[in-house]
Amino acid sequence: MSGFTGFIGETSNASVVLESMMDNIIHRGPDSSVMFSENEAALGLRRLSNMGVGDDSQPYYTEDESFVLTFTGEIYNAHELKEKLISAGYVFNKHTVGEVLIRGYEEYGESLPEKLRGKFAFVIWDRKNKKLFGARDMFGIQPFYYAHMNGTLFFGSEIKSFLPHIHFNKELNEKALKPYLTFQFSVLNETFFKGVFKLSAAHYMTYVDGQINTQRYWSPEFNPIDQSFEEIVEEIDQTVRESIHAHQTSEVKVGSFLSSGVDSSYVVSVLNPEKTFTVGFDHQNFSEIDNARKLSNELGIENSNAILDPDLIFEKLEDIQYMMDEPHSDPSIVPLYFLAELASRDAKVVFSGEGADELFGGYAEYDSTVLMKKYKKLLLSVRKPLGLLSKHLPEVRGKNFLIKGGLSPEEWFIGQAKIFEEKAVSKILTSPYTNTPTVKEIVKPFYDQVKGEDDVTKMQYLDLNLWLADDILLKADKMCMAHSIDVRMPFLDREVMKIASKVPTKYRVHDIETKYAFRIAAKRTLPEECSNRKKIGFPVPIRHWIREEKYYLKIKAYFESVEAAEFFNQQAILDLLNDHYKGKVNNGRKVWTIFTFLVWHKKYFN
């Protein structure tokens, strides 16, 4: 793993500027740095030495030096691709992934990314034609940002790398705040920095003659086939095992994150790493350490764990938000930051279980309760009017039940988090920040791609495109890179996706069991207790902290600040905080989402 940055555009002292940009992401690669600077083009890389298949010197050149490449990540089918290129007549002088990618670009052009198996973000500069080509992996494991300002194109792993350049304008994107308060993460393609965009997962970009063009090269599809359940389970297990093996491309110490859930447990049981890592809190029901330690002991693996101190968490929150580049209020970012720090003491590479829920149908929202199944036996002509009526009700018990039971996901499902209802957001924001795309406008393009599919597939598709890339994977990358460790996610693999796409909905969500076929596959390796354990995620006792006076006062100071008055109706947000503090209602997540934005804004703009 590493981090890249660069620019295309005439710049005085380009090498010096590029070095400053690289220094802003030194945490992504503290071991070494390399750079290319010529005329208008500058490409830089901070490198983390983990001795994997991607471990070779950069930047890469073709023999005639017409192409220059820099990339981050791992390509797990580099050897197979190289053999195909040799058969096509290409000669290789080095045993490097970079050479494979450049030769692949010469042969396949803009079709190259769809042929790659791995996690990657890379750029290739065509020195003769003055054209830049960049690409991001199919799931969005590796981040990729770009901006075009004052005649200069910027690109890189993190937005903060753009800040030292004189042509970069640091300005808040007014349209980003409102949807963030609903989704809990930056959901728009344009980031919180005006004019800075994400290159979306499974996209490539070109830049030539001052024009940027982006194109999607892959989209997730679910095409169930008529196959026995036993065959499906066998294929899942064999493919997961093969993927874990393919991801073991490192000669340094390898560890694994371990919670109490089936996903990370499955990875650990197959991988058999030297160590597992777990963190928790001292509040009841907010720690998975005991379960993780138990499985590690059964497998003969050492478990390193830690109980987190909330004082330290509040002390480090500014650093955490800085590392995220954009405000992000997913509570699990907090333990993940400290989990990565714990793991970095003993490992350079860690495995993690992200992606299984999205691919195999693991989230509770995908399933229906017993009561909901009974309710859905009523005619739709009865349920739909009740659902539509309920959307206009205040927040009362039973409202969400009637909405979910009577309306399609397009009318209510926006992903795995909904902090503020859209109408409520408008009431707490000042007017400059209310003119933004609506929630429906944000999710509609994705739902339009799965018209006619069943509800589970629709929700999975939306999560694969929004929640996975912009929440789950972004926090994993940024928090691990904050501590200079490489995270590998074997479930988020091209071959695993091929198997997941074949699983019928009834085997993704079966009866009242989510991720059903996947769990049965995991049972081949795991103890019964582990494979049947319900997902609890990364539980964080935020609501309890905010009811402690010292943390309440810290948050209150932010809410009362002049800065907060620019964005929010201060009395409205103070009412949210005070009502929670006094125990009248649980506004914990709402308070935390506002608070994290203010912490982030102070760090970047004050």
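Any of Lys418/Lys458; Lys374/Lys444; Lys253/Lys275 with alpha carbons more than 19 Å apart? Name them for me.
Lys374/Lys444
Semi-axes of the equivalent ellipsoid of the stretch 285-411: what are they in whole Å, largest first, if each equals the square root of 5 times a C-alpha gyration tensor eigenvalue?
Taking √(5λ) for each eigenvalue gives 41, 21, 14 Å, largest first.
How large is the Kirkwood hydrodynamic radius of the stretch 230-325, counting all unique pairs of alpha carbons, in Å?
Hydrodynamic radius (Kirkwood, Cα pairs) of the stretch 230-325 is 15.4 Å.
What relative contact order, as a whole-number percentage, does the stretch 173-268 give when Cα pairs under 8 Å and 6 or more residues apart are counted?
With pairs under 8 Å counted, the relative contact order is 12 percent.
Probe radius 1.4 Å, ligands and nucleic acids left out: which of Arg216, Arg488 has the largest accessible area, and how do the rest follow?
Descending accessible area places them as Arg216, Arg488.
Using only Cα atoms, locate the centre of the stretch 247-303 and the centre of the stretch 135-175, then give the distance between them in Å, rounded to an integer.
35
With +1 on each Lys and Arg Cβ and -1 on each Asp and Glu Cβ, and nothing else charged, work out how big the dipole of the chain is about its Cα centre, in Debye to the nearest 20.
I would put it at about 2060 debye.
Any idea which of Ala147, Ala201, Asn169 is furthest toward the positive side of the dipole for the stretch 122-246, if Lys and Arg beta-carbons carry +1 and Asp and Glu beta-carbons -1?
Asn169
How do Val262, Val585 rank by accessible surface area computed with a 1.4 Å probe, from largest to smallest?
Val585, Val262
Expected output is a single nm value to one decimal: the length gained when fully extending between Leu371 and Lys584, i.e. 0.36 nm times separation in residues minus the C-alpha distance. What is it?
Value of the extension gain: 73.8 nm.
Mind jotting down the three principal axis lengths of the stretch 151-296 based on Cα atoms? Whole angstrom, largest first.
Taking the Cα atoms of the stretch 151-296, the three principal extents are 55, 48, 38 Å.
Positive end of the dipole of the chain, charges at C-beta (+1 Lys, Arg; -1 Asp, Glu), about the Cα centre: which of Val443, Ala417, Leu393 has its Cα farthest in that direction?
Checking the options against the dipole of the chain, the answer is Leu393.
Mind jotting down the three principal axis lengths of the stretch 168-223 based on Cα atoms? Whole angstrom, largest first.
Extents along the principal axes: 38, 35, 11 Å.
Could you work out the relative contact order of the chain, using alpha carbon pairs under 8 angstrom and six or more residues apart, expressed as a whole percent?
16
Quick one: Debye curve from the alpha-carbon atoms of the stretch 544-606 only, equal weights, vacuum; give me log10 I(q)/I(0) at q = 0.16, 0.19, 0.29 Å⁻¹ to two decimals.
-0.45, -0.63, -1.35
Helix-derived [θ] at 222 nm for the chain: sum -39500 (n - 2.57) over DSSP H runs of at least 4, divide by residue count, nearest 500?
Helices in the chain give a 222 nm mean residue ellipticity of -11500 deg cm²/dmol.
Taking the highest mean first, how do the peptides 93-106, 335-348 order by number of other beta carbon atoms within 10 angstrom per residue?
335-348, 93-106
Can you grab the distance from the C-alpha centre of the stretch 545-594 to the C-alpha centre of the stretch 437-478, Å, no decimals?
30
Ignoring ligands and nucleic acids, what accessible area does Arg136 show with a 1.4 Å probe (Å², nearest 10)?
For Arg136, the solvent-accessible surface is approximately 10 Å².
Based on the alpha carbon coordinates of the stretch 425-538, what radius of gyration and maximum Cα-Cα distance (Dmax) apply, in Å?
Cα radius of gyration and Dmax of the stretch 425-538 are 18.3, 56 Å respectively.
Over the stretch 74-166, how many percent of alpha carbon pairs lie in each 10 Å bin up to the one with the longest distance?
14, 42, 31, 11, 1
Measure off, as a whole percent, the carbon and sulfur share of the 1.4 Å-probe accessible area of the chain, all protein chains present.
48
Per residue, how much accessible area does the chain have with a 1.4 Å probe, in Å²?
Value for the chain: 40 Å² per residue.
How big is the Cα convex hull of the stretch 112-234 in projection, averaged over all directions, in nm²?
10.8
At 37 °C and 0.692 mPa s, what whole-number value in µm²/s does Stokes-Einstein give for the translational diffusion of the chain, with Rh from the Kirkwood sum over Cα pairs?
This corresponds to a translational diffusion coefficient of 130 µm²/s.
Just want to confirm a number: the relative contact order over the stretch 261-396, from Cα pairs under 8 angstrom separated by 6+ residues, in percent.
23
The values are calculated or read from the model by the stated rules, or taken from the named source; none is laboratory data. Worth saying up front: this structure is predicted, and the values here are computed from it rather than measured. In this analysis, Cβ positions are derived from the backbone assuming ideal geometry, glycine residues included, and neighbour counts consider all displayed protein chains. Each accessible area value is taken on the protein alone, full model and side chains, heavy atoms only, with ligands, DNA and RNA left out. Shrake-Rupley method; radii C 1.70, N 1.55, O 1.52, S 1.80 Å.
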